[in-house]
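Undergrad: Quick one: this structure, given as structure tokens, is what I'll be asking you about.
A short reminder: the numbers here are calculations on the coordinates, not readings from a lab. Here the structure is a predicted model, which means the values were calculated and not measured. Cβ placement follows ideal geometry from the backbone for every residue including glycine, while neighbour counts extend to all protein chains displayed.
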Amino acid sequence: MSKKQENIELALKNIEKMISTLSYGSITVVIQDQHVVQIDKNEKIRLK
């Protein structure tokens, strides 16, 4: 498996984990030279 493919697989696994724990907010993926270099999770907490 190429490094590019490994990078994509790892990024997808991390994004899947983040989505499963996120109720409100956003996930930002930063890509540089066709490689995922950063994943940010911004969670909002709703006070009722």
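Undergrad: If each of residue 2 and residue 24 carries a label point 7 Å out from its Cα toward its Cβ, how far apart are those two points in nm?
TA: It is 4.2 nm.
Undergrad: Taking the dipole about the Cα centre of the chain, with the C-beta of Lys and Arg at +1 and of Asp and Glu at -1, give me whichever of 24, 7, 39 is farthest to the positive side.
TA: 24
Undergrad: According to the Cα gyration tensor, what semi-axes, each the square root of 5 times an eigenvalue, does the equivalent ellipsoid of the chain have, listed from largest to smallest in whole Å?
TA: Equivalent ellipsoid semi-axes, largest first: 26, 11, 4 Å.
Undergrad: In debye to the nearest 20, how big a dipole does the chain give about its Cα centre with +1 on each Lys and Arg Cβ and -1 on each Asp and Glu Cβ?
TA: So the dipole magnitude of the chain works out to roughly 280 debye.
Undergrad: Another question about this same structure. Would you compute, from DSSP H runs of 4+ residues alone, the mean residue ellipticity of the chain at 222 nm, taking -39500 (n - 2.57) per run and dividing by the full residue count, rounded to the nearest 500?
TA: So the helix-based figure for the chain works out to -12500 deg cm²/dmol.
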